1. Look at region 102-121 and say how many of its residues are at pLDDT 90 or above, open to solvent by 30 Å² or more (accessible area, probe 1.4 Å) and of a type outside the set (D, E, K, R).
2. Only one of (1) of a type outside the set (Asp, Glu); (2) in contact with a helix residue (DSSP H, G or I) (Cβ under 9 Å, 6 or more places away or on another chain); (3) surrounded by 14 or more Cβ atoms within 10 Å (Cβ to Cβ) is not met by GLN60, so which one is it?
3. For region 67-90, does any single residue satisfy the condition of being in contact with a His (Cβ under 7 Å, 6 or more places away or on another chain), open to solvent by 70 Å² or more (accessible area, probe 1.4 Å) and without any contact (Cβ under 8 Å) to a residue 60 or more places away in the chain?
4. For GLU41, which of the numbered conditions (1) open to solvent by 100 Å² or more (accessible area, probe 1.4 Å); (2) assigned to a helix (DSSP H, G or I); (3) not polar (S, T, N, Q) fails to hold?
5. LYS50: open to solvent by 100 Å² or more (accessible area, probe 1.4 Å) and under 24 Å from the mean Cα position of the chain (by Cα), yes or no?
6. Among MET27, MET108, which is the only one that is more than 24 Å from the chain's Cα centre (by Cα) and in a loop (DSSP other than H, G, I, E, B)?
7. Keeping to region 144-164, report how many residues are in contact (Cβ under 8 Å) with a residue 12 or more places away in the chain, within 28 Å of the chain's Cα centre (by Cα) and part of a loop (DSSP other than H, G, I, E, B).
8. Checking MET108 against (1) in contact (Cβ under 8 Å) with a residue 12 or more places away in the chain; (2) under 28 Å from ASP146 (Cβ atoms), only one condition comes out false. Which one?
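The values are calculated or read from the model by the stated rules, or taken from the named source; none is laboratory data. The shown structure was predicted, so the numbers you read here are calculated from the model rather than taken from an experiment. Glycine also receives a Cβ, built like all others from the backbone with ideal geometry; neighbour counts cover every protein chain displayed. Accessible surface areas use protein heavy atoms only, side chains included; no ligands, DNA or RNA. Shrake-Rupley method; radii C 1.70, N 1.55, O 1.52, S 1.80 Å.
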Amino acid sequence: MKKNIFLYLFVFAALIALYLVVNGGKMEQRNMEEIKKLNTEVTQLKDSIKTAQLRILDMQYFSLENNDDALAYYEHLDLKNPTRYIEDKLLETNEKKGDNPLIPYEGMNSDFKINKIKVLNHRWLLADFSDGQYWGDLVIKYELKDDLSVDFTLIEHLLYSRNN
């Protein structure tokens with residue numbers, strides 16, 4: 001009888017050990033599949049980040065901040081951020097009552113005002129304008145003088161048609 005109890009305990013322990021070995025192998029296989037899946041996702045995310053970084057570098061190509069030759073043009077003026085200074089001076093033209101004087105259109109919904117500005121180099125900038133319903137773009141030539149005054153000259157303009 002004692003012999004049979006030990007035999008049953010041994011068989012029972014062997015079955016439990018067999019179950020744990022089989023189940024552990026399946027769990028390891030599932031974990032390896034999950035790791036492969038996560039590695040694939042990480043690789044895709046790294047590729048997306050590289051693509052985004054290249055896109056950002058491409059967008060920064062035409063900007064005063066990244067153009068050393070254009071920035072050298074303003075070294076003698078002792079401006080910490082010439083781009084911000086020029087943008088501020090252009091936005092000051094919005095403060096006049098009525099439409100912005102650089103915009104050659106009359107506001108239809110309200111007054112046309114400049115919204116966004118992209119300083120390309122030491123001579124040109126792009127600007128976006130809107131009256132809240134209609135919008136357009138401007139190409140503006142500017143000259144930053146030694147007395148820190150800025151002259152703006154409209155080169156080209158475009159008013160988008162409203163499609164409703």
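1. Residues flagged as at pLDDT 90 or above, open to solvent by 30 Å² or more (accessible area, probe 1.4 Å) and of a type outside the set (D, E, K, R) within region 102-121 amount to 4.
2. (3)
3. Yes, some residue in region 67-90 is in contact with a His (Cβ under 7 Å, 6 or more places away or on another chain), open to solvent by 70 Å² or more (accessible area, probe 1.4 Å) and without any contact (Cβ under 8 Å) to a residue 60 or more places away in the chain.
4. Against the list (1) open to solvent by 100 Å² or more (accessible area, probe 1.4 Å); (2) assigned to a helix (DSSP H, G or I); (3) not polar (S, T, N, Q), GLU41 comes up short only on (1).
5. So LYS50 passes the test.
6. MET108
7. 2
8. Condition (2) is where MET108 drops out.
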